[in-house]
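The values are calculated or read from the model by the stated rules, or taken from the named source; none is laboratory data. Predicted model only: the values in this text are computed from it and were never measured. Backbone-built Cβ (ideal geometry, glycine too); neighbour counts: all protein chains shown. Calculation scope for accessible area: heavy atoms of the full protein, side chains included, ligands and nucleic acids excluded. Shrake-Rupley method; radii C 1.70, N 1.55, O 1.52, S 1.80 Å.
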Amino acid sequence: MKKNDHYQFEKIFKEEAIRGEKVHWQLHWFLYSIILLLCMIVYFVQGKEVGKYGILLSLINLLYNSTLSPFIIKKKNMPWNGYVMVTINVITLSIYNFMDGYYISTLAPVTTAAVMLYPVIIFLASLRMDKKLIVWATFSSIICMDGLYLYFYNSFDPALANQIVSADPLGQFYRTVYLALCGLFMYQVPTSMLRILKTQERLARESIENKQIAQKDALTGVYNRLYFDQHLENSIELARKFNYKIALFFIDLDGLKSLNDNFGHNTGDFI
């Protein structure tokens with residue numbers, strides 16, 4: 001890849017990262033607003049203590065999101081924000097799952113639907129077109145999810161654990177593989193985008209080359225009759241519209257036919 005092409009792709013990736021930053025910010029508002037509402041239902045309607053922690057953690061995320069608003073509006077590139085936001089998301093989700101297991105059931109970290117938010121965090125990280133961030137989101141999610149399982153594993157009720165497939169170590173292994181596959185698939189997003197950009201750049205270059213071939217004489221590189229006719233018509237129209245004169249130069253080579261006849265067309269082409 002040429003240096004200029006690499007710079008061009010880096011610039012496009014930077015623009016996409018800023019756009020992804022804004023999309024992530026918007027989805028963050030939507031996601032944690034929904035979670036806040038659900039946690040309020042859990043606490044005020046169902047009367048479960050874990051809802052109180054969910055409300056607090058949701059408000060922390062929304063507060064952090066609000067502090068980003070000036071940067072998002074000004075479209076500033078913030079590479080550090082991706083890692084901060086992913087870390088906050090993973091820790092917040094893990095704390096909630098821990099409290100869910102502590103106050104409601106030790107089986108919560110393997111049976112609650114909140115566990116499935118880890119892939120969402122990985123997906124949001126992929127919007128920034130940063131491979132390292134995707135790896136960090138995947139790694140931290142796996143560590144926290146497996147850590148919760150190991151912490152509560154010895155506290156599982158044997159009677160219930162034997163009836164729930166997800167409580168089995170093999171079930172946890174499946175969840176770990178699932179998260180790793182999510183990270184692997186999301187890791188391909190920047191690579192696929194780069195491949196698309198390269199293809200578009202190649203097609204654009206070929207289109208320009210084909211256009212030049214169609215408009216220029218193959219021997220001299222001078223624009224051909226079609227190009228000449230189009231620009232002559234445009235020049236005449238502009239001259240009439242703005243009332244100015246144009247000039248047409250005709251350049252000819254005397255004796256070219258005799259050169260071709262006596263010395264061959266290769267010599268004529270060279271002349």
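Return a yes/no flag: does the stretch 83-100 have any residue that is in a helix (DSSP H, G or I), touching a residue at least 24 places away in the same chain (Cβ under 8 Å) and under 20 Å from residue 168 (Cβ atoms).
We begin by selecting, within the stretch 83-100, every residue in a helix (DSSP H, G or I); these are 83-100.
Now drop any that are not touching a residue at least 24 places away in the same chain (Cβ under 8 Å), which leaves 83, 85-100.
Pick out the ones that are also under 20 Å from residue 168 (Cβ atoms) and you get 97, 100.
There is at least one residue in the stretch 83-100 that is in a helix (DSSP H, G or I), touching a residue at least 24 places away in the same chain (Cβ under 8 Å) and under 20 Å from residue 168 (Cβ atoms).
Screening the stretch 101-117 for residues that are modelled with pLDDT under 85 and hydroxyl-bearing (Ser, Thr, Tyr) and picking the one that is nearest to residue 54 (Cα to Cα) gives 112.
Mind checking whether some residue in the stretch 213-220 is assigned to a helix (DSSP H, G or I), open to solvent by 40 Å² or more (accessible area, probe 1.4 Å), free of Cβ contacts under 8 Å to residues at least 12 places away in the same chain and over 22 Å from residue 97 (Cβ atoms)? Yes, the stretch 213-220 contains at least one residue that is assigned to a helix (DSSP H, G or I), open to solvent by 40 Å² or more (accessible area, probe 1.4 Å), free of Cβ contacts under 8 Å to residues at least 12 places away in the same chain and over 22 Å from residue 97 (Cβ atoms).
Here are 228, 185: which of them is open to solvent by less than 100 Å² (accessible area, probe 1.4 Å), at pLDDT 80 or above and of a type in the set (Phe, Trp, Tyr)?
Working: 185 fails: open to solvent by less than 100 Å² (accessible area, probe 1.4 Å).
Of the residues listed, the single one that is open to solvent by less than 100 Å² (accessible area, probe 1.4 Å), at pLDDT 80 or above and of a type in the set (Phe, Trp, Tyr) is 228.
Say whether the condition of being of a type in the set (Phe, Trp, Tyr) and surrounded by fewer than 12 Cβ atoms within 10 Å (Cβ to Cβ) is met by at least one residue in the stretch 72-84. Yes: the stretch 72-84 contains one or more residues that are of a type in the set (Phe, Trp, Tyr) and surrounded by fewer than 12 Cβ atoms within 10 Å (Cβ to Cβ).
Every residue, every condition in (1) in contact with a Leu (Cβ under 9 Å, 6 or more places away or on another chain); (2) farther than 30 Å from residue 111 by Cα; (3) free of Cβ contacts under 8 Å to residues at least 24 places away in the same chain, yes or no:
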{"position": "160", "(1), (2), (3)": "yes, no, no"}
{"position": "168", "(1), (2), (3)": "no, no, yes"}
{"position": "172", "(1), (2), (3)": "yes, no, no"}
{"position": "179", "(1), (2), (3)": "no, no, no"}
{"position": "182", "(1), (2), (3)": "no, no, no"}
{"position": "187", "(1), (2), (3)": "no, no, no"}
{"position": "190", "(1), (2), (3)": "no, yes, no"}
{"position": "206", "(1), (2), (3)": "no, yes, yes"}
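Scanning the stretch 231-260 for residues that are open to solvent by less than 100 Å² (accessible area, probe 1.4 Å) and of a type outside the set (Gly, Ala, Ser) turns up 231, 232, 234, 236, 238, 246, 253, 256, 259, 260.
Only residues that are open to solvent by 30 Å² or more (accessible area, probe 1.4 Å), of a type outside the set (Phe, Trp, Tyr) and in contact (Cβ under 8 Å) with a residue 40 or more places away in the chain: list them for the stretch 101-141, please. It would help to see each step written out before you state the result.
Keep residues of the stretch 101-141 that are open to solvent by 30 Å² or more (accessible area, probe 1.4 Å), which gives 102-106, 111-113, 116-117, 120, 123, 127, 129-132, 135-136, 139.
If we keep only those that are of a type outside the set (Phe, Trp, Tyr) as well, we get 104-106, 111-113, 116-117, 120, 127, 129-132, 135.
Selection gives 104, 106, 111, 120, 127, 129, 130, 131, 135.
Taking the stretch 101-134 as the range and being part of a helix (DSSP H, G or I), closer than 22 Å to residue 184 by Cα and in contact with a Gly (Cβ under 7 Å, 6 or more places away or on another chain) as the test, the residues that pass are 122, 125, 133, 134. Take the conditions (1) open to solvent by 50 Å² or more (accessible area, probe 1.4 Å); (2) more than 30 Å from residue 121 (Cα to Cα); residue 177 misses just one of them, which is (2).
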